[in-house]
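Accompanying notes for the structure given below.
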Amino acid sequence: MASMERKQGICSPFIQRRNTVRKTSAEIVSEARQSLRVQSTQRPFTPRDGHRQLFGKSFVRADRDNRPPSTFSLHAQHFDAPDSRPGSGTRLSPLDHKPNLPVTCDAQDPFKAFPRPPTDPLEVKRGLPRARARFLRAGSLTTLSPVEGHMDERLNPGPRQKQPSAKGLPSTDHSEVRSGPHKPGPRRTASESRIKQPGIRPTECGAGRGTELRNGDTTTSTEEDSESLVWNNTIAPLLRQLESVAAGSNEGSVDHLCDLCEGLHGTLAGSDMLGRRCKRRSGILRTLFRLIDLNSAQLNLHIAKLCLALCISGNNLLNICKLSFQISRSESNDILFHNNSIIDSFLGVLSNEDVSSSGEALLYCVGTLKFLSGNNAILRLLLEKNCIGVAQNLIQRLCTAEDTNFTIAGHILVQLTATLRNLADHPDSRPVFISFSILSELDVVLRHHRRDPDICTNVSRIYSKLSSYSECRLALAQTPDCYQLFLELLSIHHQKQTNCTLNKDLVVRFLFTLGNLTAKSDDARQQLFQCEGCMDMLLQLYVTYQRRDDSAHPQKGPPSPSGPQASAVSVQEDEDVLVKLVRVLANMCIHPAVGPALATNTPCIQLLMETLELKSVQESEELLVNVAATINNLSFYQEESSVLRRSQLTISKLMLKLLLSSSMDAMLEATRVYGNLSQSKDVRDFIMQNKVHQFVVTLLDSKSTEMCFSACGVLTNLTLDPPNRLSLSEEGAAAKCRFNEVELMPTNLPVM
């Protein structure tokens, strides 16, 4: 019969063709190794916080009671009137240098003995009525001459002088404040005030106090005349208009006030009087601060932009940043920021302000950008304005801040990393993240703040997003000791509060990142495995999040106060951790040195088998598919010391639930496992005795090529036992294999 078939050119399905070109052992092994499966999974989902707050409900900062608030009341009275703030409390030592003055200075008032110059018509003292509208108070620039109004405010500071500066942040608005407390004294003349005007005009917002207070004659009379001309002809009328329109506030006045602010801004810019260059900027600021009480978001944003352009600092900078933050808390105001160039001003604050003196102002400024980066249109704008580059610079300064500023630096980093997390969503941001080495900078942040769960969680979200892309994976993998750092962070935060959602978010995202890094790189697999305590840490996590019998079933007794829905969410979160963790194991064991070591790791194999036993495909499909893929990869290594080899019959029984399920992915992974394990005579007998071969034959009808080849692998190994061949023929295996252009040929290696 056989000779007749050979004469007709037909070969039996169980007899190898004589003219087949046989592959070498090396080719067979190489082909089998290529079939080891890299597991993929979905990136953890991060829902957007619907409430715009500095620190949302999910944050677990230890200093909850002392952290800066998201809600506060802010009015004109909270701003420091220029040159009327109380001193810092630190009395400065007098200078040894005594200026060569034409008359002797009084120790109590160095300007008391100055001769009075001829009266200037512009400086004639005008009377003040007792009652005025809210925006025409005493000291108004439009009521008094600029200098005299300035002096009235010094002599009658009113309640605003008593407002404290930001906690722990010394005032640094040098052009608005004199060092030390004032003493009340007789009204000084305009000429006396002029002598106290700075002689050097700083060119930057960061000019120091010494520069501003330097008493020199470097400004020429021509420049003074030019500034006075602009002031009298343009600026003063604009300020009078602002107060007049504000006093008669009506429905259309806000737009008019915004236009006036824009006109004032343009005039100052055109006259080179922005920053601290304008000697009379105190009068401008006083007028702007009073407009804040109109409580218009649109107007306040114009005021904030102009105040920042005038380089305010200290308490006023803090309040302007808080004002902007307050406006940005409402999504409906996003359009105001989009149509306003104030974002450039915010980035300027982040670039120039010092953490030690303006830490809280930086916090609210970054918090504003965090809210705005949730808007797709503004997100694109932030990328165009180099927000990532500014963030890199700020990160470096925050990480080198002194210990006394560690807490405020941490608060700022929470906001900054959340902003970068939003920026990472935009596809155009990835090259920028790489060019500014943001991934390695964030590695430094993690090392400095490794015990801060809020910062670590935000950074883990950035890494989980960017590590899905090859160029970012490469940049992250090149960061020294990043694998060891990730393991340390997992160790720290999984122990704090196992039931804390935020810590689970952190754990699941670092595991997802490790899974991405090990998905395509053999070097990453080996480096991670060789980290100190790697397997101990991963298996400890496995034990922590494994749902055993006592926790997998409903608890007896009274229901949880959080309800069954919260309990279901917690179970799903735990399972998501296991999905990502098992994926890391599956990817690691592809490495030829790591795989055999894991195959001999008894706790690892036992945990995988336990998962198969505890979970159902209906409720935990992705997890069981990942576990099956890990076992399939480990079963490639058939060393005598392999724990999996000694447990292969038990694993074969556990795989039945996957093979007989309705999930095609579960069936495919189970078939692959049987393809490897069926090299064992005990496993082949189990398959035949439990009629598993019948189900495998039906898989040959699948439209999936992978499914057909995996099923053929199992059937091929079954033909190693001659008694099985008849049973396979009766099931029609040979005909189906011919239809799929696959030959059933016995082999000593698994077909995977």
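Here are the numbers for this structure:
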quantity: Test for Thr719: is it out of contact with any strand residue (DSSP E or B) (no Cβ under 7 Å at 6 or more places or on another chain) and without any contact (Cβ under 8 Å) to a residue 60 or more places away in the chain; calculated: no
quantity: Matching option when the condition is closer than 22 Å to Ser351 by Cβ and among the aliphatic types (A, V, I, L, M), among Leu291, Leu308, Leu264, Leu260; calculated: Leu308
quantity: Thr630, sole failed condition from (1) in contact (Cβ under 8 Å) with a residue 60 or more places away in the chain; (2) part of a helix (DSSP H, G or I); (3) open to solvent by 10 Å² or more (accessible area, probe 1.4 Å); calculated: (3)
quantity: Checking Ala401 against (1) assigned to a helix (DSSP H, G or I); (2) under 17 Å from Asn352 (Cβ atoms); (3) open to solvent by 20 Å² or more (accessible area, probe 1.4 Å), the condition it does not meet; calculated: (1)
quantity: Test result for Cys708, modelled with pLDDT under 90 and assigned to a helix (DSSP H, G or I); calculated: no
quantity: Qualifying residue in segment 311-321 (condition: surrounded by 17 or more Cβ atoms within 10 Å (Cβ to Cβ) and touching a Leu at 6+ places or on another chain (Cβ under 6 Å)); calculated: no
quantity: Failed item, numbered, when Ile434 is tested on (1) closer than 21 Å to Tyr469 by Cβ; (2) within 15 Å of the chain's Cα centre (by Cα); (3) of a type in the set (Val, Ile, Thr); calculated: (2)
quantity: Where a residue in segment 267-283 is over 13 Å from Leu306 (Cβ atoms) and its partner, wherever it lies, is basic (Lys, Arg) and assigned to a loop (DSSP other than H, G, I, E, B), with Cβ under 7 Å and at least six apart; calculated: Arg277/Arg201
quantity: Candidates Asp481, Asp428, filtered to the one that is at positive phi, out of contact with any Gly (no Cβ under 9 Å at 6 or more places or on another chain) and open to solvent by 50 Å² or more (accessible area, probe 1.4 Å); calculated: Asp481
quantity: Asp454 assigned to a helix (DSSP H, G or I), acidic (Asp, Glu) and modelled with pLDDT under 95; calculated: yes
quantity: Filter result for Leu581 (assigned to a helix (DSSP H, G or I), over 23 Å from Val683 (Cα atoms) and modelled with pLDDT of 95 or more); calculated: yes
quantity: Members of segment 654-666 found to be out of contact with any helix residue (DSSP H, G or I) (no Cβ under 6 Å at 6 or more places or on another chain) and in a helix (DSSP H, G or I), listed by number; calculated: Leu656, Lys657, Met664
quantity: Count of segment 467-478 residues which are part of a helix (DSSP H, G or I) and open to solvent by less than 10 Å² (accessible area, probe 1.4 Å); calculated: 2
quantity: Flag for Asp443 being in a helix (DSSP H, G or I), within 15 Å of the chain's Cα centre (by Cα), on the phi < 0 side of the Ramachandran plot and at pLDDT 95 or above; calculated: yes
quantity: Pair list, Cβ < 9 Å and 6+ apart or interchain, from segment 635-655 residues that are within 15 Å of Leu612 (Cβ to Cβ) and open to solvent by less than 20 Å² (accessible area, probe 1.4 Å) to residues that are hydrophobic (A, V, I, L, M, F, W, C) and not in a helix (DSSP H, G or I); calculated: Ser635/Met752
quantity: Odd one out for Asp344, checked against (1) under 20 Å from the mean Cα position of the chain (by Cα); (2) surrounded by fewer than 19 Cβ atoms within 10 Å (Cβ to Cβ); (3) among the charged types (D, E, K, R); (4) closer than 30 Å to Glu471 by Cβ; calculated: (1)
quantity: Residue, least open to solvent (accessible area, probe 1.4 Å), within segment 322-341, restricted to residues that are over 19 Å from Cys261 (Cα atoms) and outside any helix (DSSP H, G or I); calculated: Ser330
quantity: Residue in segment 273-306 that is most open to solvent (accessible area, probe 1.4 Å), counting only those that are assigned to a helix (DSSP H, G or I) and of a type in the set (D, E, K, R); calculated: Asp293
quantity: Qualifying residue in segment 561-573 (condition: open to solvent by less than 10 Å² (accessible area, probe 1.4 Å), modelled with pLDDT of 85 or more, out of contact with any strand residue (DSSP E or B) (no Cβ under 8 Å at 6 or more places or on another chain) and on the phi < 0 side of the Ramachandran plot); calculated: no
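Listed here are the residues, each with its yes/no results for (1) polar (S, T, N, Q); (2) surrounded by fewer than 19 Cβ atoms within 10 Å (Cβ to Cβ).
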position	(1), (2)
Leu394	no, no
Thr419	yes, no
Ser435	yes, yes
Lys465	no, no
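The rows are residues; the columns are (1) farther than 21 Å from Ile312 by Cβ; (2) surrounded by fewer than 18 Cβ atoms within 10 Å (Cβ to Cβ).
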{"position": "Ser228", "(1), (2)": "yes, yes"}
{"position": "Asn233", "(1), (2)": "yes, yes"}
{"position": "Arg240", "(1), (2)": "yes, yes"}
{"position": "Val245", "(1), (2)": "yes, no"}
{"position": "Gly248", "(1), (2)": "yes, yes"}
{"position": "Val254", "(1), (2)": "yes, no"}
{"position": "Asp259", "(1), (2)": "yes, yes"}
{"position": "Gly263", "(1), (2)": "no, yes"}
{"position": "Leu268", "(1), (2)": "no, no"}
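The values are calculated or read from the model by the stated rules, or taken from the named source; none is laboratory data. Values in this document were obtained by computation on a predicted structure and should not be read as measured data. Cβ atoms come from the backbone with ideal geometry, glycine included; neighbour counts cover every protein chain shown. These area figures cover heavy atoms from the full protein model, side chains too; ligands, DNA and RNA do not enter into them. Shrake-Rupley method; radii C 1.70, N 1.55, O 1.52, S 1.80 Å.
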